[in-house]
Amino acid sequence: MSNDSLAAQIGQAWRYQRDGKADAAIAEYERILRMDADNIDANYGMALAQRTAGKYEAAIKYFERTQALVEAANAVRKQARGDTLYLANTPEDDRYMMLSRMIKQRLAEINAALQPRK
């Protein structure tokens with residue numbers, strides 16, 4: 001699958017999500033992930049769609065998977081550059097750092113929502 005085609009599919013899934021069609025977004029992300037299981041954007045989008053659909057356990061699974069993919073990508077980038085410290089030197093570094101923060105925030109939100117009310 002070409003990058004343009006993949007980007008178009010991800011864009012369609014995001015449109016479904018913005019339009020409040022979480023189930024359609026989930027179906028689109030499933031198609032994408034069958035072809036590219038390690039796609040960070042599709043995994044993150046799937047996590048958000050699952051959360052929107054109220055499928056919190058699935059959302060947690062996809063957020064954790066995305067976090068692992070981001071960490072792996074960062075490790076590869078860091079090793080390739082020979083970095084001893086992790087610094088945001090490129091737009092891609094910035095993207096991964098921000099995505100990692102957003103994932104942690106979304107997981108905290110879900111975990112708080114799942115806590116019994118006192």
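Any read-out appearing in this document is the output of simple, stated calculations on the displayed coordinates, not a laboratory observation. Source: prediction; values computed, not measured. Positions of Cβ are generated from backbone atoms using ideal geometry, with glycine treated the same way; all protein chains shown enter the neighbour counts.
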What number comes out for the charge environment of Ile32, summing +1 per Lys or Arg and -1 per Asp or Glu over other residues with Cβ under 13 Å away?
-3
Shape call, the range 3-114: gyration tensor on alpha carbons, a/c limit 1.5:
oblate
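Only helical DSSP H runs with n ≥ 4 go in: add -39500 (n - 2.57) per run for the chain, normalise by residue count and round the 222 nm mean residue ellipticity to 500 deg cm²/dmol. Present the calculation step by step, with values, prior to reporting the outcome.
On the way: 5 runs with 93 residues, N = 118.
Here the helix-only value at 222 nm equals -27000 deg cm²/dmol.
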Go through Asn111, Ile60, Gln79 and say which Cα lies farthest out towards the positive end of the charge dipole of the chain; charges sit on Cβ, +1 for Lys and Arg, -1 for Asp and Glu.
Asn111
Below 8 Å, C-alpha to C-alpha, sequence gap of six or more: please give me the relative contact order for the chain in percent.
17
